[in-house]
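These notes concern the structure reproduced below.
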């Protein structure tokens, strides 16, 4: 009985995707000068949140890396209908970042992994020249 429970627990605790991305902040600095770039890459919620952020470069660079990181964790990259704006990065009241997925992305994840319930962990960091994101998809 105990062995069955342990097997069930271990089967329900799997990492099914890992992704990492690092971006050169100078590249993003040039890109965010274009309103067209910002509107193409970032969700309305992210753009609205950026208005309260002092260092917009690092804000957008980390979010860009996070979107790339998640697309790698899923294993598709940005194709098959997946767009940057399908992924929104939000922060809780303590500043911890997380993903907010739209219905299209949830469906894509379901079709790829055949699971309905997932947890996605996100870690962001930045330095003067680079920003990095690390994503783990877990069931």
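The values are calculated or read from the model by the stated rules, or taken from the named source; none is laboratory data. None of these values were measured; they are calculated from a predicted model. As a convention, Cβ positions derive from the backbone with ideal geometry for all residues, glycine included, and neighbour counts pool all protein chains shown.
For the range 13-99, which fully contained helices (runs of 4 or more DSSP H) count at least 1 residues that are in contact with a strand residue (DSSP E or B) (Cβ under 6 Å, 6 or more places away or on another chain) and under 20 Å from residue 114 (Cα atoms)? Result: 56-74. Could you tell me whether residue 70 is at pLDDT below 95 and surrounded by 14 or more Cβ atoms within 10 Å (Cβ to Cβ)? No. Screening the range 109-139 for residues that are in contact with a strand residue (DSSP E or B) (Cβ under 9 Å, 6 or more places away or on another chain) and over 28 Å from residue 25 (Cα atoms) and picking the one that is surrounded by the fewest Cβ atoms within 10 Å (Cβ to Cβ) gives 119.
Scanning the range 109-124 for residues that are outside any helix (DSSP H, G or I) and in contact (Cβ under 8 Å) with a residue 12 or more places away in the chain yields a count of 9. If the condition is being out of contact with any helix residue (DSSP H, G or I) (no Cβ under 7 Å at 6 or more places or on another chain) and over 19 Å from residue 49 (Cα atoms), then the range 86-107 contributes 103, 106, 107. Just to be sure, is residue 37 over 12 Å from the mean Cα position of the chain (by Cα), surrounded by 12 or more Cβ atoms within 10 Å (Cβ to Cβ) and at pLDDT 95 or above? Yes.
Reported count of residues in the range 87-103, each being at pLDDT 95 or above, over 18 Å from residue 15 (Cα atoms) and surrounded by 16 or more Cβ atoms within 10 Å (Cβ to Cβ), is 4. Per this entry, residue 106 is counted among residues that are under 24 Å from residue 13 (Cα atoms), out of contact with any strand residue (DSSP E or B) (no Cβ under 9 Å at 6 or more places or on another chain), part of a helix (DSSP H, G or I) and modelled with pLDDT under 95.
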